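Student: Quick one: this structure, given as structure tokens, is what I'll be asking you about.
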Amino acid sequence: MLSRVAERIYWLGRYLERAENTARLLNVYSTLLLDLPRGAKIGWHTLVEITGSRPGFDEKYQDTDERSVIRFLLSDTSNYCSILSSLALARENARTTREIIPSEAWEQINNLYLFAKENASKGVARGPRHQLLNQIIAHCQQIAGLFAGTMSHNSGYNFIRIARSLERADMTTRIVDVGSVTLLPGLRQGGKSSEQIEPFENMIWMAVLNSLSAYQMYRQHVLDRVNGGDVVTFLMQDRQFPRSVVHSLAKLESCLQSLPNNGAALAEVSSTQALAIDADIPLLVQNGLLEYIDELQIHIAGIHARITDTWFLPVVSGQQQSA
Amino acid sequence: MRIDWKTYNPGAFYDELISSPGHARKSGRILARYLSSLKSEDLQERKTAAELAIKAMGISFTVYSEAGNIDREWPFDIIPRIITETQWRSTGKGLEQRLRALNCFIHDVYNDQKILNDKVVPKELIEKSVNFRKECIGMKPRFDVWAHICGTDLIRDTDGRFYVLEDNLRVPSGVSYMLENRKVTKRVFPELFENYDILPITEYTTQLFDMLAAISPRPLDYPEVVVLTPGIYNSAYFEHSFLAQRMGAELVEGGDLVVEDDCVYMRTINGLSRVDVIYRRIDDMFLDPEVFHPDSVLGVPGLMRAWLKGNVALANAPGAGVADDKVIYTYVPAMIKYYLGEEPILENVPSYLCVDEKQCKYVLENLDKLVVKPANESGGYGMLMGPMASKKEREEFARRIKADPRNYMAQPLISLSTAPVLGERGAEPRHIDLRPFILQGRDVYVTPGGLTRVAMVKGSYVVNSSQGGGSKDTWIVIEEES
């Protein structure tokens, strides 16, 4: 497989996963905020923080109100992290790798983009938003299924799965980060007493789980009531849940096994895995979670860098891609 | 928009479906009856279905414009064009004969130059041809074939016969649209296929791959065949990607290839990997910056060296364009006699060469009746349509011809045949041509039919997609004995 094509197909995988994750996030957040006390110092800006796009947002919008934030993350094409941008970039990468991916998958990606382009701006209003986001999520899942069911499980397919696993691990750390570092302190600063906060704390952790479609699996796995230490442990370290960091890394590792010259990338994955598995999460939730997640994210970026060095760099890519 | 064939009038032109108002040709009767039986809503629904299919399948082409390059959906008319198999058989033979002769000619020009020494083709025409590549002199590609893939444009005059308008021997495009048109028609009118015996066309990509594999310089069971594209902004990128996909070949850009020790390699995730055959969709002048345009970033430095050493095959071979020249075109019937000792099966459109003094005088005196073409432009650029042009445009062209007579030839305005297209108010006649594709490696293969291009504007003769033309599915139909 050509290095240039491998790179494009990798980005195709990342952008598709990113679009789906962002859609999940918007969906859950939209319902969560309705339940929170009005005094809580959390709001729509949190979403901008999760996606790490604060500067881009501030440049264009004055208020961090619902309309602005949703527009920015859903349909604003000047924001490269928006769902519509992610889908446009996914489509462009698919269009330029059509000789490799199954034509049905290309048709579906093309359709999804055309659908999103046509409808994304409608999702700014609360009414149709939920359905729109669900359609996008379902469509992304359908595409993932098409790849699994119609594409030979070759290097190209491996790059899609590598990209997906890495994007997932990254997104999960971001969401945990926001749940524990932004949401909870924001709630506490709202001036309520700790008894008043407790029910909301529970709700926030549920929302965090929901945004990763993890609530049900968590309940089956953790029989205790929803609490911060268990939730973060589950999302970080559960081996079976497909969006947990440890599971994503294991998947990533097994996909890397079948690629040539995989030494550097595998070594980076191993050290990231050690960091993820060995951590005492309940202790970190009490103190130091923020620093821990920062370190984990640096490692995840490191894996991306090793992949790029090993398989993509021989060719200068024609288009600018952004991690 | 119901279709009533009684009000459909192609006038003096040869119409492919309707011989006179209300009467369909024998081969088209079922189609004509079927179309007129459809209600307005049904027709509209089919038309919309085709548009949606094209959009969903992502069949597009890029238009160069001042406002940048735009990716456009492929313009397609849903009414298929029918040609009988009986008529096609001899046309196909004529196309095969033509390409064989053209390849003999190209090989001769770069080697012994017998045809020039025998004064059948004037030597100076070759010496002055901008498509003659002196770098290729003495080269002997496999099977002595230079033009492996040819797209020949045919038109039908009022007499209903096919004439050759031009041979495209450099990087002819359109074959993917031919294949996709059939796919769309199958989605839109599946019931029609029950009533007709239509020759399938899907074989093309297999034939193309086999031909490319056959010209590999290394005798391998699985030679590495790649398609070389100028990149995603090229107007035919869709086609490059389509063909690579169908052949299971890598689609490469110049930057993916590197020449070491006069061999070509591609950069893969496993490191460098040897390439045997390159189906290049880049013009000669951009192939290799070491030999041609030094500032080309589309090509591969050293590619010509590797080719001349016989370490890689290029299709079409560099220099093949020497026969893709509207002046050389007029000598093709003579080439057929000279090399093959046969009578040409397909006729040329009558042509006047401006390089010949007498013929040039005639051209200049009759500019208002003629179509003047430059020798080396493609895509319909740089032409003068005499009868439609203004006096000023004709004067401007007269100046250009006098300045460079070698570069111009003229033809009478041929009455292109028409075929019905579905418009706002039912079926309307529009002018069409036909581009079949011919492959030559060890053997010759001709597509059954080809790409029918349609001038979508009423009365227009310009069928090029780069200038707003459309297309139709083309059926070669076996007629029932009766």
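The values are calculated or read from the model by the stated rules, or taken from the named source; none is laboratory data. Just so it is clear, the structure is predicted and the values come from calculations on it, not from any experiment. Cβ: placed from backbone, ideal geometry, glycine included. Neighbour counts: every protein chain shown.
Student: Can B:Lys373 be described as outside any helix (DSSP H, G or I) and either in contact (Cβ under 8 Å) with a residue 24 or more places away in the chain or in the same structural domain as B:Leu125 (by TED's automatic domain parsing) (or both)?
Tutor: Criteria met by B:Lys373.
Student: Of all the residues that make up the stretch B:414-462, how many are closer than 27 Å to B:Asp42 by Cβ, out of contact with any Gly (no Cβ under 7 Å at 6 or more places or on another chain), assigned to a loop (DSSP other than H, G, I, E, B) and touching a residue at least 60 places away in the same chain (Cβ under 8 Å)?
Tutor: 3
To keep it simple, each residue is scored yes or no on (1) outside the structural domain of B:Leu314 (by TED's automatic domain parsing); (2) outside any helix (DSSP H, G or I); (3) not small (Gly, Ala, Ser).
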site	(1), (2), (3)
B:Arg72	yes, yes, yes
B:Thr86	yes, no, yes
B:Gly92	yes, no, no
B:Phe105	no, no, yes
B:Val109	no, no, yes
B:Glu124	no, no, yes
B:Phe132	no, yes, yes
B:Asp153	yes, yes, yes
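Student: Here is a further query. Condition test on B:Thr205, is it at pLDDT 95 or above and under 30 Å from B:Pro350 (Cβ atoms)?
Tutor: Numbers: at pLDDT 95 or above: yes; under 30 Å from B:Pro350 (Cβ atoms): no.
When the stated conditions are applied, B:Thr205 does not pass them.
Student: With the checklist (1) assigned to a loop (DSSP other than H, G, I, E, B); (2) buried (at least 24 other Cβ atoms within 10 Å of the Cβ); (3) among the aromatic types (Phe, Trp, Tyr) in hand, flag the one item B:Trp307 doesn't pass.
Tutor: Of everything listed in (1) assigned to a loop (DSSP other than H, G, I, E, B); (2) buried (at least 24 other Cβ atoms within 10 Å of the Cβ); (3) among the aromatic types (Phe, Trp, Tyr), B:Trp307 misses just condition (1).
Rundown of residues vs (1) surrounded by fewer than 24 Cβ atoms within 10 Å (Cβ to Cβ); (2) over 20 Å from the mean Cα position of the chain (by Cα); (3) modelled with pLDDT of 90 or more, yes/no style:
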residue	(1), (2), (3)
B:Gln411	yes, no, yes
B:Glu424	yes, yes, no
B:Leu434	no, no, yes
B:Ile438	no, no, yes
B:Gly449	no, no, yes
B:Val457	yes, yes, no
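Student: Quick one: which helices (runs of 4 or more DSSP H) sit completely within the stretch A:1-80 and have at least 3 residues that are within 14 Å of chain B (Cβ to nearest Cβ)?
Tutor: A:3-35
Student: Mind counting the residues in the stretch B:257-281 that are under 11 Å from B:Gly302 (Cα atoms) and crowded, with 23+ Cβ neighbours inside 10 Å?
Tutor: So the answer is 2.
Student: Of all residues in the stretch B:219-242 being among the charged types (D, E, K, R) and over 13 Å from A:Thr96 (Cα atoms), which is surrounded by the most Cβ atoms within 10 Å (Cβ to Cβ)? If you could, list the steps in order and put the result at the bottom.
Tutor: Our first condition is that a residue be among the charged types (D, E, K, R); within the stretch B:219-242, this holds for B:221, B:224, B:239.
Still in the list and also over 13 Å from A:Thr96 (Cα atoms): B:221, B:224.
On the way: B:Asp221: 5, B:Glu224: 20.
The selected residue is B:Glu224.
Student: How about the stretch B:254-297: which of its residues are away from chain A (no Cβ under 14 Å) and either part of a helix (DSSP H, G or I) or of a type in the set (Lys, Arg) (or both)?
Tutor: If the condition is that a residue be away from chain A (no Cβ under 14 Å) and either part of a helix (DSSP H, G or I) or of a type in the set (Lys, Arg) (or both), then B:Arg280, B:Asp284, B:Met285, B:Phe286, B:Leu287 are the ones that fit.
Student: When the stretch A:218-232 is examined, which residues are found to be modelled with pLDDT of 85 or more and either within 15 Å of A:Asp177 (Cβ to Cβ) or under 18 Å from the mean Cα position of the chain (by Cα) (or both)?
Tutor: Across the stretch A:218-232, the qualifying residues are A:Val231, A:Val232.
Student: Of the residues in the stretch B:230-253, how many are assigned to a loop (DSSP other than H, G, I, E, B), within 10 Å of chain A (Cβ to nearest Cβ) and within 26 Å of B:Leu308 (Cβ to Cβ)?
Tutor: Count: 3.
Student: Conditions: (1) more than 30 Å from B:Asp325 (Cβ to Cβ); (2) among the polar types (S, T, N, Q); (3) out of contact with any helix residue (DSSP H, G or I) (no Cβ under 9 Å at 6 or more places or on another chain). B:Asn195 meets all but one. Number of the miss?
Tutor: Going through (1) more than 30 Å from B:Asp325 (Cβ to Cβ); (2) among the polar types (S, T, N, Q); (3) out of contact with any helix residue (DSSP H, G or I) (no Cβ under 9 Å at 6 or more places or on another chain) one by one, B:Asn195 breaks only (3).
Student: Look through B:Thr330, B:Thr268 and report the one residue that is in contact with a Leu (Cβ under 8 Å, 6 or more places away or on another chain) and within 27 Å of A:Thr308 (Cα to Cα).
Tutor: Numbers: B:Thr330 fails: within 27 Å of A:Thr308 (Cα to Cα).
Answer to the check: B:Thr268.
Student: Separate question: Just give me the residues in the stretch A:240-251 being within 15 Å of A:Val269 (Cβ to Cβ) and of a type in the set (D, E, K, R), in sequence order.
Tutor: A:Lys251, the sole residue that qualifies.
Student: Going through the stretch B:243-282 one residue at a time, which ones are under 31 Å from the mean Cα position of the chain (by Cα), of a type in the set (D, E, K, R) and within 23 Å of A:Pro260 (Cβ to Cβ)?
Tutor: Passing the criteria: B:Glu250, B:Glu253, B:Asp256, B:Arg274, B:Asp276.
Student: Also, quick follow-up: Which one is modelled with the lowest pLDDT among residues in the stretch B:14-65 that are of a type in the set (Lys, Arg) and part of a helix (DSSP H, G or I)?
Tutor: Filtering the stretch B:14-65 for residues that are of a type in the set (Lys, Arg) and part of a helix (DSSP H, G or I), the one modelled with the lowest pLDDT comes out as B:Lys55.
Student: While we're looking at this one, here's another question. Counting just the residues of the stretch B:181-233 that are charged (D, E, K, R) and in contact with a strand residue (DSSP E or B) (Cβ under 7 Å, 6 or more places away or on another chain), which one comes out farthest from B:Val277 (Cα to Cα)? Even if it seems obvious, please write down each step before you answer.
Tutor: Going through the stretch B:181-233, the residues charged (D, E, K, R) turn out to be B:182-183, B:186-187, B:191, B:194, B:197, B:203, B:210, B:218, B:221, B:224.
Remaining after also requiring in contact with a strand residue (DSSP E or B) (Cβ under 7 Å, 6 or more places away or on another chain): B:182, B:197, B:224.
Numbers: B:Arg182: 29, B:Asp197: 36, B:Glu224: 6 Å.
So, considering only residues that are charged (D, E, K, R) and in contact with a strand residue (DSSP E or B) (Cβ under 7 Å, 6 or more places away or on another chain), the one farthest from B:Val277 (Cα to Cα) is B:Asp197.
Student: Of the numbered conditions (1) among the aliphatic types (A, V, I, L, M); (2) closer than 30 Å to A:Pro37 by Cβ; (3) in a helix (DSSP H, G or I), A:Val269 satisfies every one except a single condition; which is it?
Tutor: In the conditions (1) among the aliphatic types (A, V, I, L, M); (2) closer than 30 Å to A:Pro37 by Cβ; (3) in a helix (DSSP H, G or I), A:Val269 misses (2) alone.
Student: A further question follows. Quick one: count up the residues across the stretch B:334-370 that are within 24 Å of the chain's Cα centre (by Cα) and either part of a loop (DSSP other than H, G, I, E, B) or within 27 Å of B:Asn464 (Cβ to Cβ) (or both).
Tutor: So the answer is 13.
Student: In addition: Quick one: what pairs do we get from the stretch B:264-290, first residue touching a residue at least 24 places away in the same chain (Cβ under 8 Å), second of a type in the set (Ser, Thr, Tyr), C-beta under 7 Å, 6+ apart or different chains?
Tutor: Pairs found: B:Met266/B:Ser273; B:Ser273/B:Tyr265; B:Arg274/B:Tyr265; B:Val275/B:Tyr265; B:Asp276/B:Ser216; B:Val277/B:Ser216; B:Arg281/B:Thr229; B:Phe286/B:Ser296.
Student: Kindly list the number of the only condition in (1) within 30 Å of B:Arg46 (Cβ to Cβ); (2) out of contact with any strand residue (DSSP E or B) (no Cβ under 8 Å at 6 or more places or on another chain); (3) in contact (Cβ under 8 Å) with a residue 60 or more places away in the chain; (4) not assigned by TED's automatic domain parsing to the domain that holds B:Arg133 that fails for B:Phe242.
Tutor: Every listed condition holds for B:Phe242 apart from (4).
Student: Could you grab me the full set of residues in the stretch B:368-417 that are basic (Lys, Arg) and out of contact with any Lys or Arg (no Cβ under 7 Å at 6 or more places or on another chain)?
Tutor: The answer is B:Lys369, B:Lys391, B:Lys392, B:Arg394, B:Arg399, B:Arg400, B:Lys402.
Student: Of all residues in the stretch A:99-152, how many are within 14 Å of chain B (Cβ to nearest Cβ), over 17 Å from B:Ala56 (Cα atoms) and not in a helix (DSSP H, G or I)?
Tutor: Selection size over the stretch A:99-152: 3.
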